[in-house]
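S.K.: Handing you this structure, nothing more for now.
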Amino acid sequence: MDFDLKTNEKGNLSIGGADALELADKYKTPLYVIDETRIRENYRRLHEAFSQHYDNFKMYYACKANTNLAVMRILEEEGSGIDAVSPGEVYTSLLAGFDPSRILFTGNNVKNEELEYVVASGVTVNVDSISQLKRLSKLPGTNGMKISIRVNPNVGAGHHEHCITGGPLSKFGIMEEEAVEVYKLAQELGFKPVGIHSHIGSGILDPEPFKLAVESLMDIAGAVHQDAGVEFDFIDFGGGIGIPYTPEEKKLDINLFAEKIVGLFKEKLGEYKLRNPTMCIEPGRYIIGDTSVLLTRVNTIKQSYRKFAGVDAGFNTLLRPTMYGSYHHVVVADKPNAEPTQKLDIAGDVCESGDLFARDRPMPDVEEGDLFAILNAGAYGFTMSSQYNSRPKPAELLVKNGKTEVVRERETFADLLTKQNVPVRLLK
Ligand SMILES: *Cc1c(COP(=O)(O)O)cnc(C)c1O
(Lines give C-alpha, C1' and ligand atoms only; values in the text may rest on other atoms or scores of the structure.)
Protein backbone atom coordinates (compact mmCIF):
# COMPACT_ATOMS: atom_id res chain seq x y z
CA MET A 1 0.00 0.00 0.00
CA ASP A 2 1.49 3.30 -1.08
CA PHE A 3 -0.31 5.64 1.32
CA ASP A 4 0.78 5.89 4.92
CA LEU A 5 -1.63 5.19 7.73
CA LYS A 6 -0.54 6.52 11.08
CA THR A 7 -1.79 5.04 14.32
CA ASN A 8 -1.35 6.32 17.85
CA GLU A 9 -0.55 4.42 21.06
CA LYS A 10 -4.22 3.35 21.35
CA GLY A 11 -4.03 1.82 17.90
CA ASN A 12 -6.45 4.42 16.54
CA LEU A 13 -6.01 6.21 13.25
CA SER A 14 -4.07 9.41 13.75
CA ILE A 15 -4.60 12.37 11.44
CA GLY A 16 -1.95 15.03 11.72
CA GLY A 17 -1.33 13.88 15.27
CA ALA A 18 -5.01 13.91 16.31
CA ASP A 19 -7.00 10.80 17.24
CA ALA A 20 -9.73 10.18 14.64
CA LEU A 21 -12.13 8.76 17.25
CA GLU A 22 -11.78 11.78 19.49
CA LEU A 23 -12.33 14.13 16.57
CA ALA A 24 -15.51 12.31 15.55
CA ASP A 25 -16.83 12.37 19.13
CA LYS A 26 -16.11 16.03 19.56
CA TYR A 27 -17.06 17.42 16.14
CA LYS A 28 -19.63 14.80 15.00
CA THR A 29 -19.77 13.06 11.66
CA PRO A 30 -19.59 13.26 8.71
CA LEU A 31 -16.43 15.30 9.09
CA TYR A 32 -13.63 16.28 6.74
CA VAL A 33 -10.25 16.40 8.48
CA ILE A 34 -7.34 18.12 6.74
CA ASP A 35 -3.69 17.64 7.73
CA GLU A 36 -1.83 20.95 7.30
CA THR A 37 1.66 19.49 7.49
CA ARG A 38 0.97 17.17 4.62
CA ILE A 39 -0.22 20.02 2.39
CA ARG A 40 3.06 21.81 2.98
CA GLU A 41 5.08 18.64 2.44
CA ASN A 42 3.30 17.85 -0.82
CA TYR A 43 3.81 21.38 -2.11
CA ARG A 44 7.49 21.46 -1.19
CA ARG A 45 8.26 17.97 -2.52
CA LEU A 46 6.76 18.77 -5.90
CA HIS A 47 8.27 22.23 -6.10
CA GLU A 48 11.72 20.92 -5.20
CA ALA A 49 11.50 18.08 -7.71
CA PHE A 50 11.04 20.48 -10.61
CA SER A 51 12.92 23.59 -9.50
CA GLN A 52 16.15 21.66 -8.82
CA HIS A 53 16.35 21.08 -12.58
CA TYR A 54 15.00 24.46 -13.74
CA ASP A 55 14.83 27.34 -11.31
CA ASN A 56 12.45 29.52 -13.31
CA PHE A 57 9.59 27.31 -12.20
CA LYS A 58 6.18 28.11 -10.71
CA MET A 59 3.26 26.12 -9.37
CA TYR A 60 -0.32 27.27 -9.64
CA TYR A 61 -2.51 25.33 -7.21
CA ALA A 62 -5.70 24.31 -9.06
CA CYS A 63 -8.06 25.42 -6.36
CA LYS A 64 -11.15 23.67 -7.68
CA ALA A 65 -9.77 20.63 -5.86
CA ASN A 66 -10.30 22.35 -2.51
CA THR A 67 -11.19 26.00 -1.99
CA ASN A 68 -11.22 26.08 1.77
CA LEU A 69 -9.77 29.47 2.73
CA ALA A 70 -7.41 27.94 5.29
CA VAL A 71 -6.03 25.60 2.61
CA MET A 72 -5.63 28.56 0.28
CA ARG A 73 -3.85 30.56 3.00
CA ILE A 74 -1.42 27.70 3.59
CA LEU A 75 -0.58 27.57 -0.10
CA GLU A 76 -0.29 31.34 -0.31
CA GLU A 77 2.26 31.15 2.50
CA GLU A 78 4.12 28.43 0.62
CA GLY A 79 4.46 30.77 -2.36
CA SER A 80 2.03 29.04 -4.70
CA GLY A 81 0.06 30.70 -7.45
CA ILE A 82 -3.56 29.81 -8.24
CA ASP A 83 -5.25 28.27 -11.23
CA ALA A 84 -8.84 29.51 -11.08
CA VAL A 85 -11.54 28.17 -13.38
CA SER A 86 -14.37 30.53 -12.46
CA PRO A 87 -14.89 34.11 -11.28
CA GLY A 88 -15.92 32.68 -7.91
CA GLU A 89 -12.52 31.00 -7.60
CA VAL A 90 -10.82 34.28 -8.57
CA TYR A 91 -12.85 36.03 -5.88
CA THR A 92 -11.96 33.39 -3.29
CA SER A 93 -8.26 33.52 -4.21
CA LEU A 94 -8.13 37.30 -3.92
CA LEU A 95 -9.84 37.06 -0.56
CA ALA A 96 -7.28 34.45 0.50
CA GLY A 97 -4.58 37.03 -0.14
CA PHE A 98 -3.17 35.99 -3.51
CA ASP A 99 -1.92 38.92 -5.53
CA PRO A 100 -3.70 39.06 -8.94
CA SER A 101 -0.29 38.57 -10.58
CA ARG A 102 -0.22 35.08 -9.02
CA ILE A 103 -3.62 34.06 -10.39
CA LEU A 104 -4.27 32.49 -13.77
CA PHE A 105 -7.87 32.33 -14.91
CA THR A 106 -8.56 29.30 -17.10
CA GLY A 107 -12.25 29.36 -17.87
CA ASN A 108 -14.28 27.32 -20.30
CA ASN A 109 -17.40 28.66 -22.04
CA VAL A 110 -16.95 31.96 -20.27
CA LYS A 111 -19.62 34.63 -20.67
CA ASN A 112 -18.92 38.30 -21.16
CA GLU A 113 -19.80 39.49 -17.67
CA GLU A 114 -17.39 36.89 -16.28
CA LEU A 115 -14.67 38.16 -18.60
CA GLU A 116 -15.35 41.70 -17.37
CA TYR A 117 -14.96 40.53 -13.79
CA VAL A 118 -11.68 38.72 -14.33
CA VAL A 119 -10.21 41.57 -16.41
CA ALA A 120 -11.18 44.09 -13.73
CA SER A 121 -9.57 41.95 -11.05
CA GLY A 122 -6.26 42.06 -12.90
CA VAL A 123 -5.57 38.35 -13.14
CA THR A 124 -3.97 36.74 -16.21
CA VAL A 125 -6.52 35.31 -18.60
CA ASN A 126 -5.86 31.96 -20.26
CA VAL A 127 -8.09 32.02 -23.35
CA ASP A 128 -9.99 28.85 -24.26
CA SER A 129 -11.53 29.68 -27.65
CA ILE A 130 -11.48 32.09 -30.59
CA SER A 131 -14.92 33.27 -29.51
CA GLN A 132 -13.57 34.16 -26.08
CA LEU A 133 -10.57 35.91 -27.62
CA LYS A 134 -12.77 38.12 -29.80
CA ARG A 135 -15.20 38.95 -27.03
CA LEU A 136 -12.34 39.73 -24.68
CA SER A 137 -10.86 42.16 -27.21
CA LYS A 138 -14.07 44.21 -27.20
CA LEU A 139 -13.85 44.88 -23.49
CA PRO A 140 -12.39 48.23 -22.38
CA GLY A 141 -8.84 48.08 -21.10
CA THR A 142 -7.83 44.92 -22.89
CA ASN A 143 -5.69 46.58 -25.56
CA GLY A 144 -2.07 45.55 -25.00
CA MET A 145 -3.17 43.08 -22.33
CA LYS A 146 -0.94 40.08 -21.70
CA ILE A 147 -2.78 36.81 -22.22
CA SER A 148 -2.18 33.11 -22.49
CA ILE A 149 -3.92 30.62 -24.76
CA ARG A 150 -5.00 27.10 -23.87
CA VAL A 151 -4.12 24.57 -26.53
CA ASN A 152 -5.47 21.05 -26.78
CA PRO A 153 -2.38 19.13 -27.84
CA ASN A 154 -4.44 16.19 -29.10
CA VAL A 155 -3.25 13.99 -26.27
CA GLY A 156 -5.47 13.07 -23.39
CA ALA A 157 -5.22 11.04 -20.19
CA GLY A 158 -7.02 10.58 -16.93
CA HIS A 159 -8.52 8.21 -14.40
CA HIS A 160 -11.98 8.44 -15.98
CA GLU A 161 -13.44 9.53 -19.31
CA HIS A 162 -14.89 12.63 -17.60
CA CYS A 163 -11.41 13.66 -16.51
CA ILE A 164 -9.67 13.56 -19.88
CA THR A 165 -9.31 17.15 -20.98
CA GLY A 166 -7.12 16.78 -24.03
CA GLY A 167 -7.61 14.91 -27.28
CA PRO A 168 -10.19 15.03 -30.05
CA LEU A 169 -13.28 14.59 -27.85
CA SER A 170 -12.39 17.29 -25.36
CA LYS A 171 -14.23 20.62 -25.19
CA PHE A 172 -11.17 22.46 -23.90
CA GLY A 173 -8.72 24.76 -25.67
CA ILE A 174 -7.97 25.52 -29.28
CA MET A 175 -6.76 22.94 -31.78
CA GLU A 176 -3.11 22.25 -32.33
CA GLU A 177 -3.29 23.02 -36.05
CA GLU A 178 -4.90 26.44 -35.55
CA ALA A 179 -2.50 27.57 -32.84
CA VAL A 180 -0.26 29.80 -34.99
CA GLU A 181 -3.30 31.47 -36.57
CA VAL A 182 -4.94 32.08 -33.22
CA TYR A 183 -1.79 33.67 -31.79
CA LYS A 184 -1.58 35.92 -34.87
CA LEU A 185 -5.24 36.82 -34.42
CA ALA A 186 -4.57 37.65 -30.76
CA GLN A 187 -1.82 40.05 -31.88
CA GLU A 188 -4.09 41.63 -34.51
CA LEU A 189 -6.74 42.13 -31.86
CA GLY A 190 -4.22 44.13 -29.82
CA PHE A 191 -3.21 41.54 -27.22
CA LYS A 192 0.28 40.65 -26.11
CA PRO A 193 0.21 36.85 -25.96
CA VAL A 194 2.90 35.73 -23.53
CA GLY A 195 1.73 32.33 -22.38
CA ILE A 196 0.76 28.93 -23.69
CA HIS A 197 -1.10 26.32 -21.70
CA SER A 198 -2.42 22.79 -21.82
CA HIS A 199 -4.05 20.53 -19.28
CA ILE A 200 -4.65 17.05 -20.60
CA GLY A 201 -6.46 15.38 -17.75
CA SER A 202 -6.54 14.39 -14.13
CA GLY A 203 -5.36 11.48 -12.04
CA ILE A 204 -2.37 10.58 -14.20
CA LEU A 205 0.00 8.01 -12.69
CA ASP A 206 1.67 7.04 -15.94
CA PRO A 207 4.29 9.58 -17.07
CA GLU A 208 4.02 8.63 -20.76
CA PRO A 209 0.91 10.60 -21.82
CA PHE A 210 2.14 13.58 -19.86
CA LYS A 211 5.48 13.44 -21.65
CA LEU A 212 3.72 13.24 -25.00
CA ALA A 213 1.67 16.30 -24.10
CA VAL A 214 4.76 18.23 -23.02
CA GLU A 215 6.49 17.34 -26.24
CA SER A 216 3.47 18.33 -28.27
CA LEU A 217 2.93 21.61 -26.43
CA MET A 218 6.60 22.50 -26.85
CA ASP A 219 6.38 21.82 -30.59
CA ILE A 220 3.33 24.06 -30.77
CA ALA A 221 5.09 26.75 -28.71
CA GLY A 222 8.07 26.47 -31.03
CA ALA A 223 5.91 26.95 -34.11
CA VAL A 224 4.08 29.90 -32.54
CA HIS A 225 7.41 31.49 -31.58
CA GLN A 226 8.91 31.01 -35.03
CA ASP A 227 5.85 31.79 -37.20
CA ALA A 228 4.00 34.38 -35.09
CA GLY A 229 7.06 35.86 -33.36
CA VAL A 230 5.66 35.28 -29.89
CA GLU A 231 8.11 35.51 -26.98
CA PHE A 232 6.83 33.34 -24.18
CA ASP A 233 6.99 34.55 -20.59
CA PHE A 234 5.58 31.22 -19.48
CA ILE A 235 4.74 27.73 -20.67
CA ASP A 236 2.17 25.96 -18.54
CA PHE A 237 1.66 22.19 -18.63
CA GLY A 238 -1.43 22.15 -16.42
CA GLY A 239 -2.13 19.70 -13.62
CA GLY A 240 -3.13 16.09 -13.56
CA ILE A 241 -0.47 14.41 -11.44
CA GLY A 242 -2.22 11.49 -9.79
CA ILE A 243 -2.05 9.92 -6.37
CA PRO A 244 -2.60 6.26 -5.50
CA TYR A 245 -6.16 5.60 -4.36
CA THR A 246 -6.11 1.80 -4.38
CA PRO A 247 -3.70 -0.29 -2.33
CA GLU A 248 -2.28 -1.68 -5.59
CA GLU A 249 -1.46 1.66 -7.21
CA LYS A 250 2.05 3.00 -6.86
CA LYS A 251 3.04 6.57 -6.23
CA LEU A 252 4.48 8.37 -9.18
CA ASP A 253 8.23 8.75 -8.66
CA ILE A 254 8.03 12.50 -8.66
CA ASN A 255 11.76 13.12 -8.88
CA LEU A 256 12.15 10.89 -11.89
CA PHE A 257 9.01 12.36 -13.43
CA ALA A 258 10.23 15.94 -12.95
CA GLU A 259 13.67 15.09 -14.27
CA LYS A 260 12.21 13.64 -17.46
CA ILE A 261 9.70 16.42 -18.01
CA VAL A 262 12.20 19.18 -17.38
CA GLY A 263 14.77 17.42 -19.55
CA LEU A 264 12.33 17.34 -22.44
CA PHE A 265 11.32 20.93 -21.79
CA LYS A 266 14.92 22.17 -21.89
CA GLU A 267 15.72 20.17 -24.97
CA LYS A 268 12.79 21.79 -26.78
CA LEU A 269 13.73 25.26 -25.51
CA GLY A 270 17.06 24.79 -27.23
CA GLU A 271 15.58 23.32 -30.39
CA TYR A 272 13.22 26.28 -30.88
CA LYS A 273 15.49 28.94 -29.35
CA LEU A 274 12.88 29.86 -26.75
CA ARG A 275 14.32 32.21 -24.13
CA ASN A 276 14.13 30.98 -20.54
CA PRO A 277 10.32 31.14 -20.06
CA THR A 278 8.83 30.28 -16.68
CA MET A 279 7.85 26.65 -16.56
CA CYS A 280 4.49 26.19 -14.84
CA ILE A 281 2.39 23.32 -13.61
CA GLU A 282 -1.04 23.40 -11.96
CA PRO A 283 -1.37 20.58 -9.47
CA GLY A 284 -4.63 20.19 -7.59
CA ARG A 285 -5.06 16.57 -6.55
CA TYR A 286 -1.35 16.00 -5.85
CA ILE A 287 -1.24 18.86 -3.36
CA ILE A 288 -4.44 18.21 -1.47
CA GLY A 289 -5.75 14.71 -2.26
CA ASP A 290 -3.99 12.66 0.41
CA THR A 291 -4.13 15.36 3.08
CA SER A 292 -7.70 14.68 4.14
CA VAL A 293 -9.97 11.93 5.35
CA LEU A 294 -13.70 11.86 5.59
CA LEU A 295 -14.87 10.45 8.91
CA THR A 296 -18.28 8.82 8.82
CA ARG A 297 -20.03 6.60 11.34
CA VAL A 298 -21.66 3.26 10.68
CA ASN A 299 -25.27 3.44 11.83
CA THR A 300 -26.74 0.32 10.21
CA ILE A 301 -25.50 -3.16 9.45
CA LYS A 302 -28.02 -4.76 7.16
CA GLN A 303 -28.06 -8.26 5.74
CA SER A 304 -30.30 -7.93 2.73
CA TYR A 305 -29.63 -9.70 -0.56
CA ARG A 306 -26.17 -8.35 0.11
CA LYS A 307 -24.44 -7.23 3.27
CA PHE A 308 -24.46 -3.49 3.75
CA ALA A 309 -22.68 -1.18 6.15
CA GLY A 310 -24.73 2.03 6.13
CA VAL A 311 -22.93 5.25 7.05
CA ASP A 312 -23.89 8.86 7.76
CA ALA A 313 -22.23 10.33 4.65
CA GLY A 314 -23.33 9.94 1.04
CA PHE A 315 -22.60 11.11 -2.46
CA ASN A 316 -23.77 14.51 -1.27
CA THR A 317 -20.66 14.48 0.95
CA LEU A 318 -18.16 12.74 -1.35
CA LEU A 319 -19.27 12.39 -4.95
CA ARG A 320 -16.29 10.72 -6.58
CA PRO A 321 -17.28 7.07 -6.11
CA THR A 322 -20.74 7.67 -7.59
CA MET A 323 -19.63 10.15 -10.24
CA TYR A 324 -16.53 8.34 -11.51
CA GLY A 325 -16.73 4.92 -9.91
CA SER A 326 -13.63 6.01 -8.00
CA TYR A 327 -12.02 3.82 -5.40
CA HIS A 328 -11.48 5.33 -1.96
CA HIS A 329 -9.80 3.16 0.61
CA VAL A 330 -11.89 2.80 3.78
CA VAL A 331 -10.49 1.80 7.16
CA VAL A 332 -12.09 1.27 10.54
CA ALA A 333 -10.67 4.09 12.63
CA ASP A 334 -9.96 2.06 15.79
CA LYS A 335 -8.19 -0.72 13.86
CA PRO A 336 -6.99 0.78 10.59
CA ASN A 337 -4.64 -2.09 9.81
CA ALA A 338 -7.01 -4.97 10.67
CA GLU A 339 -7.12 -7.83 8.18
CA PRO A 340 -10.33 -8.26 6.16
CA THR A 341 -12.75 -10.99 7.31
CA GLN A 342 -15.65 -10.33 4.95
CA LYS A 343 -16.88 -8.40 1.93
CA LEU A 344 -19.26 -5.51 2.41
CA ASP A 345 -21.07 -2.90 0.42
CA ILE A 346 -20.54 0.48 2.03
CA ALA A 347 -23.60 2.58 1.40
CA GLY A 348 -24.42 6.20 2.13
CA ASP A 349 -27.60 7.76 3.44
CA VAL A 350 -28.85 9.33 0.21
CA CYS A 351 -32.02 7.94 -1.31
CA GLU A 352 -30.49 6.67 -4.54
CA SER A 353 -29.16 3.23 -5.39
CA GLY A 354 -25.97 4.73 -6.77
CA ASP A 355 -25.09 6.06 -3.36
CA LEU A 356 -22.32 3.59 -2.63
CA PHE A 357 -18.78 4.20 -1.43
CA ALA A 358 -17.77 0.64 -2.21
CA ARG A 359 -19.16 -2.63 -3.52
CA ASP A 360 -17.80 -5.98 -2.27
CA ARG A 361 -15.11 -4.28 -0.25
CA PRO A 362 -12.92 -6.56 1.86
CA MET A 363 -13.34 -5.25 5.41
CA PRO A 364 -12.58 -6.47 8.93
CA ASP A 365 -15.41 -7.11 11.39
CA VAL A 366 -17.62 -4.06 11.57
CA GLU A 367 -20.27 -3.11 14.09
CA GLU A 368 -22.86 -0.39 14.29
CA GLY A 369 -21.25 2.65 15.89
CA ASP A 370 -17.85 2.01 14.33
CA LEU A 371 -16.09 4.94 12.75
CA PHE A 372 -14.96 4.68 9.12
CA ALA A 373 -12.22 6.81 7.68
CA ILE A 374 -12.52 7.30 3.94
CA LEU A 375 -8.99 8.09 2.81
CA ASN A 376 -7.62 10.48 0.21
CA ALA A 377 -10.71 12.66 0.34
CA GLY A 378 -8.97 16.04 0.11
CA ALA A 379 -9.28 16.65 -3.63
CA TYR A 380 -12.69 17.10 -5.24
CA GLY A 381 -14.30 16.04 -1.97
CA PHE A 382 -15.87 18.98 -0.19
CA THR A 383 -15.83 21.12 -3.36
CA MET A 384 -18.13 18.65 -5.11
CA SER A 385 -20.43 18.21 -2.13
CA SER A 386 -24.05 19.30 -2.20
CA GLN A 387 -27.14 19.63 -0.05
CA TYR A 388 -28.97 16.93 -2.00
CA ASN A 389 -31.65 15.22 0.08
CA SER A 390 -31.69 18.39 2.20
CA ARG A 391 -28.65 17.39 4.15
CA PRO A 392 -26.51 20.20 5.55
CA LYS A 393 -22.88 20.08 4.42
CA PRO A 394 -20.31 18.71 6.87
CA ALA A 395 -17.71 20.62 8.86
CA GLU A 396 -14.06 20.83 7.84
CA LEU A 397 -11.34 20.58 10.41
CA LEU A 398 -7.71 21.59 10.05
CA VAL A 399 -5.19 19.64 12.10
CA LYS A 400 -1.62 20.67 12.74
CA ASN A 401 0.63 18.72 15.09
CA GLY A 402 -2.37 17.35 16.95
CA LYS A 403 -4.09 20.75 17.33
CA THR A 404 -7.46 21.15 15.64
CA GLU A 405 -9.30 24.16 14.28
CA VAL A 406 -12.73 24.24 12.66
CA VAL A 407 -12.14 25.84 9.28
CA ARG A 408 -15.70 25.39 8.09
CA GLU A 409 -18.63 25.04 10.40
CA ARG A 410 -21.16 22.31 9.90
CA GLU A 411 -24.21 23.65 8.13
CA THR A 412 -27.58 23.73 9.86
CA PHE A 413 -31.11 23.16 8.56
CA ALA A 414 -31.45 26.93 8.27
CA ASP A 415 -28.57 26.93 5.76
CA LEU A 416 -30.65 24.73 3.50
CA LEU A 417 -33.19 27.50 3.13
CA THR A 418 -31.10 30.63 2.77
CA LYS A 419 -31.83 32.45 -0.50
CA GLN A 420 -35.28 30.95 -0.86
CA ASN A 421 -38.30 33.23 -1.02
CA VAL A 422 -41.89 32.12 -0.64
CA PRO A 423 -44.24 34.44 -2.53
CA VAL A 424 -46.47 36.33 -0.11
CA ARG A 425 -49.62 34.85 -1.67
CA LEU A 426 -48.39 31.36 -0.70
CA LEU A 427 -47.65 32.18 2.89
CA LYS A 428 -49.57 30.42 5.58
C1 LIG B 1 -8.61 20.72 -12.80
C2 LIG B 1 -7.48 21.45 -13.41
C3 LIG B 1 -6.18 21.29 -12.93
C4 LIG B 1 -5.82 20.35 -11.81
O5 LIG B 1 -5.99 19.02 -12.06
P6 LIG B 1 -5.44 17.95 -10.99
O7 LIG B 1 -5.70 16.65 -11.63
O8 LIG B 1 -6.24 18.13 -9.75
O9 LIG B 1 -4.01 18.22 -10.78
C10 LIG B 1 -5.18 22.05 -13.50
N11 LIG B 1 -5.44 22.90 -14.51
C12 LIG B 1 -6.68 23.08 -15.00
C13 LIG B 1 -6.90 24.04 -16.10
C14 LIG B 1 -7.74 22.37 -14.48
O15 LIG B 1 -8.97 22.53 -14.99
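The values are calculated or read from the model by the stated rules, or taken from the named source; none is laboratory data. Treat the numbers as computed from the prediction; the structure is a model and nothing was measured. Cβ atoms come from the backbone with ideal geometry, glycine included; neighbour counts cover every protein chain shown. SASA here: full protein model, heavy atoms, side chains in, ligands and nucleic acids out. Shrake-Rupley method; radii C 1.70, N 1.55, O 1.52, S 1.80 Å.
S.K.: Take Arg410 and decide whether it is away from the ligand (no atom under 16 Å from the Cβ), part of a loop (DSSP other than H, G, I, E, B), buried (at least 19 other Cβ atoms within 10 Å of the Cβ) and touching a residue at least 12 places away in the same chain (Cβ under 8 Å).
M.R.: The answer is no for Arg410.
S.K.: Could you look through region 385-407, keep only residues that are among the charged types (D, E, K, R) and within 23 Å of the chain's Cα centre (by Cα), and pick out the one that is surrounded by the fewest Cβ atoms within 10 Å (Cβ to Cβ)?
M.R.: Per the stated criteria, the residue is Glu405.
S.K.: Hey, another quick one. Name the strands (runs of 3 or more DSSP E) wholly inside region 42-147 in which the number of residues that are open to solvent by 60 Å² or more (accessible area, probe 1.4 Å) is 1 or more.
M.R.: Passing ranges, in order: 57-62.
S.K.: Going through Ala179, Ala96 one at a time, which residue ends up being touching a helix residue (DSSP H, G or I) at 6+ places or on another chain (Cβ under 6 Å) and under 25 Å from Glu231 (Cα atoms)?
M.R.: Within the list Ala179, Ala96, the selection yields Ala179.
S.K.: Sticking with this one: Specify which of the listed residues (Pro193, Pro209) is outside any loop (DSSP other than H, G, I, E, B) and within 14 Å of the ligand (Cβ to nearest atom).
M.R.: Being outside any loop (DSSP other than H, G, I, E, B) and within 14 Å of the ligand (Cβ to nearest atom) holds for just one of Pro193, Pro209, which is Pro209.
S.K.: In this structure, does Ile235 turn out to be farther than 30 Å from Leu185 by Cα, within 15 Å of the ligand (Cβ to nearest atom) and of a type outside the set (S, T, N, Q)?
M.R.: On the way: farther than 30 Å from Leu185 by Cα: no; within 15 Å of the ligand (Cβ to nearest atom): yes; of a type outside the set (S, T, N, Q): yes.
No; evaluated as a whole, the condition is false for this residue.
Here is a yes/no grid of residues against (1) on the phi > 0 side of the Ramachandran plot; (2) charged (D, E, K, R); (3) not assigned by TED's automatic domain parsing to the domain that holds Thr383:
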{"residue": "Leu13", "(1), (2), (3)": "no, no, no"}
{"residue": "Arg40", "(1), (2), (3)": "no, yes, yes"}
{"residue": "Asn56", "(1), (2), (3)": "no, no, yes"}
{"residue": "Ala62", "(1), (2), (3)": "no, no, yes"}
{"residue": "Leu69", "(1), (2), (3)": "no, no, yes"}
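S.K.: Among all residue pairs at least 6 apart or on different chains, which show Cβ distances below 6 Å where the first residue, located in region 85-101, is without any contact (Cβ under 8 Å) to a residue 60 or more places away in the chain and the second is part of a helix (DSSP H, G or I) and open to solvent by 40 Å² or more (accessible area, probe 1.4 Å)?
M.R.: Val85/Lys64; Pro87/Glu114; Pro87/Tyr117; Ala96/Leu69; Ala96/Arg73
S.K.: State the number of residues belonging to region 8-41 that are among the small types (Gly, Ala, Ser) and either under 30 Å from Ile261 (Cβ atoms) or open to solvent by 50 Å² or more (accessible area, probe 1.4 Å) (or both).
M.R.: Total meeting the criteria: 1.
S.K.: When only residues in region 285-343 that are open to solvent by 60 Å² or more (accessible area, probe 1.4 Å), closer than 19 Å to Ser385 by Cα and not in a loop (DSSP other than H, G, I, E, B) count, which is farthest from the ligand (Cβ to nearest atom)?
M.R.: Arg297
S.K.: Considering only residues that are over 30 Å from Thr412 (Cβ atoms) and in a loop (DSSP other than H, G, I, E, B), look in region 4-41 and name the one that is modelled with the lowest pLDDT.
M.R.: So the residue we want is Asp4.
S.K.: Right, next: Being of a type in the set (Ser, Thr, Tyr) and surrounded by fewer than 23 Cβ atoms within 10 Å (Cβ to Cβ) is the filter here; which residues of region 361-384 pass it? Full working, then the answer.
M.R.: Step one: filter region 361-384 for residues of a type in the set (Ser, Thr, Tyr), giving 380, 383.
Answer for region 361-384, where residues must be of a type in the set (Ser, Thr, Tyr) and surrounded by fewer than 23 Cβ atoms within 10 Å (Cβ to Cβ): just Thr383.
S.K.: Scan region 214-223 and tell me whether some residue there is crowded, with 19+ Cβ neighbours inside 10 Å and within 14 Å of the ligand (Cβ to nearest atom).
M.R.: For region 214-223, residues crowded, with 19+ Cβ neighbours inside 10 Å and within 14 Å of the ligand (Cβ to nearest atom): present.
S.K.: Within region 181-204, which residues are modelled with pLDDT of 95 or more and open to solvent by 30 Å² or more (accessible area, probe 1.4 Å)?
M.R.: Hits for region 181-204 are Glu181, Lys184, Leu185, Gln187, Glu188, Leu189, Lys192.
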